[in-house]
1. What is the residue count in segment 154-204 for residues that are assigned to a strand (DSSP E or B), of a type outside the set (Gly, Ala, Ser) and within 20 Å of Ile120 (Cβ to Cβ)?
2. Let me spell it out: the conditions are (1) open to solvent by 10 Å² or more (accessible area, probe 1.4 Å); (2) within 15 Å of the ligand (Cβ to nearest atom); (3) not basic (Lys, Arg), and Val197 meets all of them except one. Which number is the exception?
3. Could we say that Met77 is open to solvent by 20 Å² or more (accessible area, probe 1.4 Å) and modelled with pLDDT under 95 here?
4. Among the residues of segment 87-102, write down those that are open to solvent by 10 Å² or more (accessible area, probe 1.4 Å) and either more than 18 Å from the chain's Cα centre (by Cα) or near the ligand (Cβ under 8 Å from one of its atoms) (or both).
5. Mind listing whichever residues of segment 121-151 are small (Gly, Ala, Ser) and touching a residue at least 24 places away in the same chain (Cβ under 8 Å)?
6. Could you check segment 269-314 and list, in sequence order, the residues that are acidic (Asp, Glu), open to solvent by 20 Å² or more (accessible area, probe 1.4 Å) and not in a helix (DSSP H, G or I)?
7. Every residue in segment 113-153 that is open to solvent by less than 40 Å² (accessible area, probe 1.4 Å), within 16 Å of the ligand (Cβ to nearest atom) and either outside the structural domain of Cys92 (by TED's automatic domain parsing) or part of a loop (DSSP other than H, G, I, E, B) (or both), please.
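The values are calculated or read from the model by the stated rules, or taken from the named source; none is laboratory data. The structure displayed is predicted, hence computed values, not measured ones. In this analysis, Cβ positions are derived from the backbone assuming ideal geometry, glycine residues included, and neighbour counts consider all displayed protein chains. When the accessible area is computed, the model is the full protein with side chains, heavy atoms only, and any ligands, DNA or RNA have been set aside. Shrake-Rupley method; radii C 1.70, N 1.55, O 1.52, S 1.80 Å.
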Amino acid sequence: MSDYRILVTGATGQIGSELTVTLREKYGKDNVIAMGHRRKPSKTLEESGPYITGDVRDRENLEKIIREYDIDTVYHMAAILSATGENNPQLCWDVNVNGLYNLLEIAREKRIRIFCPSSIAVFGPSTPKENTPQDTILTPTTMYGITKVVGELLGEYYVQKYGVDVRGVRYPGIISSETPPGGGTTDYAVEMFYYAVKGEKYTCFVREDTVLPMMYMPDCLKATIQLMEADFSRLKHHTNFNVSGMSFSAKELEEEIRKYRPDFECEYKPDFRQKIAETWPRTIDDSCARQEWGWKPDYDLEKMVEDMMKRLSKKLR
Ligand SMILES: NC(=O)c1ccc[n+]([C@@H]2O[C@H](COP(=O)([O-])OP(=O)(O)OC[C@H]3O[C@@H](n4cnc5c(N)ncnc54)[C@H](O)[C@@H]3O)[C@@H](O)[C@H]2O)c1
């Protein structure tokens with residue numbers, strides 16, 4: 001079915017959990033090994049193929065897993081996200097930087113391919129906020145953003161110096177219904193749905209006029225797999241592609257959700273995450289991804305909200 005032998009780190013996370021299942025459908029369930037850490041795997045994840053646990057900071061164990069399962073491709077989804085990272089910057093650096101370094105070193109020796117996600121958190125207060133260019137000022141103010149800049153640069157170094165195949169996109173805030181997000185600044189855009197569907201009032205932790213780039217999970221999975229299937233020799237960028245899905249304010253999301261739940265109530269009480277959000281772009285220029293590997297999103301705000309409401313209503317019934 002497939003020549004690839006894939007390891008997904010962070011497989012119990014918001015993205016990893018759905019990515020693993022999608023990769024299994026595409027490449028065969030026994031060819032995709034899910035690696036979790038602490039968080040309990042869902043039944044779907046555990047039953048759809050091989051599941052193991054491990055810490056990305058433990059290089060010896062990573063090496064053993066890669067050898068034993070004959071892995072040639074790693075989707076590296078394990079990380080500490082922005083809000084959690086601000087509460088524990090040391091852990092954020094350790095997992096995000098040392099975990100990736102371990103994998104890159106293994107990749108250098110064993111010639112494995114790596115997908116390592118970056119984030120819009122690489123941008124900072126001095127980055128242009130509208131239509132943020134591909135190649136622009138990177139001055140993040142969070143430890144998470146700093147680790148993501150390091151990740152982009154380290155990955156590109158291994159491409160240039162050692163010819164390792166490393167690729168990555170700068171994900172915007174990812175919206176999904178399967179696994180709750182793991183402590184990022186854009187979590188409100190998922191939480192709002194859960195409260196609306198449960199008929200509860202939501203207190204949003206950013207201001208109502210906060211606009212951030214977002215993407216629906218099907219587009220996130222499509223971008224990830226499409227970039228990994230692109231012809232590597234044709235890529236000019238490798239580890240840092242801007243990818244755009246949609247941009248909206250928290251208020252616009254509330255209003256769109258209210259079309260399905262007219263009684264939905266939302267109030268706004270910004271906390272420390274407001275400050276983080278203010279350092280990030282509002283809209284993203286993804287023309288390099290479009291030109292170099294044919295990126296094009298399928299979902300806008302309306303289409304995403306319609307699908308989320310349908311899925312979550314079923315899930316929470
Ligand atoms: N979800 C988003 O909105 C978003 C946006 C931009 C970038 N990203 C990036 O996408 C990737 C996946 O994010 P996600 O949203 O699925 O995150 P998540 O927090 O939901 O999942 C991350 C997973 O990493 C695992 N993990 C933590 N420490 C580990 C360790 N030491 N060893 C092994 N595993 C460990 C956790 O068990 C967790 O399940 C990350 O690199 C993240 O930075 C996500």
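1. Residues meeting the conditions: 8.
2. (2)
3. no
4. Matches in segment 87-102: Asn87, Asn88, Pro89, Gln90, Leu91, Asp94, Val95, Asn96, Asn98, Tyr101, Asn102.
5. Filtering segment 121-151 for residues small (Gly, Ala, Ser) gives 121, 124, 126, 145, 151.
Hits for segment 121-151 are Ala121, Gly124, Gly145, Gly151.
6. Asp271, Asp285, Asp298, Asp300
7. Hits for segment 113-153 are Cys116, Pro117, Phe123, Gly124, Thr127, Pro140, Thr142.
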